[in-house]
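Before any comments, here is the structure.
The values are calculated or read from the model by the stated rules, or taken from the named source; none is laboratory data. Owing to the predicted nature of the structure, the values given are computational and were not obtained by experimental measurement. Glycine gets a Cβ as well: all are built from the backbone with ideal geometry, and neighbour counts include every protein chain shown. All accessible areas refer to the heavy atoms of the entire protein, side chains included, with ligands and DNA or RNA removed. Shrake-Rupley method; radii C 1.70, N 1.55, O 1.52, S 1.80 Å.
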Amino acid sequence: MQIRPFTPADMEAVLTIWLEASLQAHHFIAPAYWHANVGPMREHYLPAADNWLLCQDAVVLGFYSLYEENLAAIFVAPGKQGRGHGKALLAHAKQQRQHLQLRVYQQNRASCDFYLSQGFQIEEEGLDSDTGSPEWLMGWSAED
C-alpha cells in the first residue's frame, strides 16, 4: 500500500471512485446532481487541487484533495471501505497542513462520525448552496 501524488493518467480512476462513493454516501441527494458534476470535477476541481492517491499494486483504492487548507475531498472506493484506508489518507493529509477544514453533509452520518473520531470539531452549521442540504463546517488543527 502506498500514497502517491495524482497524475493525469489517474483521472478516470479517481472520477469513478468519486462518483460511486458519492452516490453511495449521499442517498439524500438526487443521483443526477452527482452525474452532472463529473465534468466540473474533471475540468476544474481536481486540476486546482493537490491530490493524493492510496494505491495497492497500481490499483487506486481512494484519494484525497487539498485546496489550500480545505480537505475538499476524501473518498475510498465503496468495495474497499472499512479497512482503514480513509484513516491512512486522512493521516497523510494531516502531514501536509497544520490546519484543515472541510464541509460534510449532516445526513452523511458515517462521514460525520469518522471526522469526529479523527479529531475534527464542528465549527459552524449551514446549508450547501448547491443542494440545500444541511452541512457542517468542521476543523482540525495540529495544535489541538
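Number of residues in the range 1-15 that are open to solvent by less than 70 Å² (accessible area, probe 1.4 Å) and free of Cβ contacts under 8 Å to residues at least 40 places away in the same chain: the value is 3.
This table checks each residue for (1) open to solvent by 80 Å² or more (accessible area, probe 1.4 Å); (2) modelled with pLDDT of 95 or more; (3) assigned to a helix (DSSP H, G or I); (4) in contact with a strand residue (DSSP E or B) (Cβ under 9 Å, 6 or more places away or on another chain).
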residue: Gln95; (1), (2), (3), (4): yes, yes, yes, no
residue: Leu100; (1), (2), (3), (4): no, yes, no, yes
residue: Gly119; (1), (2), (3), (4): no, yes, no, yes
residue: Glu123; (1), (2), (3), (4): yes, yes, no, yes
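For the range 106-117, give me each residue that is loosely packed, with under 15 Cβ neighbours inside 10 Å and either more than 20 Å from Lys87 (Cα to Cα) or among the aliphatic types (A, V, I, L, M) (or both). Once the filter is applied, which keeps residues that are loosely packed, with under 15 Cβ neighbours inside 10 Å and either more than 20 Å from Lys87 (Cα to Cα) or among the aliphatic types (A, V, I, L, M) (or both), the range 106-117 yields Ala110, Leu116. Looking at the range 1-33, which of the residues that are under 18 Å from Gln81 (Cβ atoms) and over 14 Å from the mean Cα position of the chain (by Cα) is modelled with the lowest pLDDT? My answer is Met1. Annotation note: Cβ proximity below 8 Å between a residue of the range 41-70 that is closer than 17 Å to Glu20 by Cα and basic (Lys, Arg) and a residue that is surrounded by 15 or more Cβ atoms within 10 Å (Cβ to Cβ) and modelled with pLDDT of 95 or more (sequence gap 6+ or interchain) occurs for Arg42/Met11; Arg42/Leu15. Among the residues of the range 21-54, those identified as assigned to a helix (DSSP H, G or I), surrounded by 15 or more Cβ atoms within 10 Å (Cβ to Cβ) and touching a strand residue (DSSP E or B) at 6+ places or on another chain (Cβ under 9 Å) are Ala21, Ser22, Ala25, Met41, Tyr45, Leu46.
Among the residues of the range 58-91, those identified as farther than 16 Å from Ser117 by Cα and part of a helix (DSSP H, G or I) are Pro78, Gly79, Lys80.
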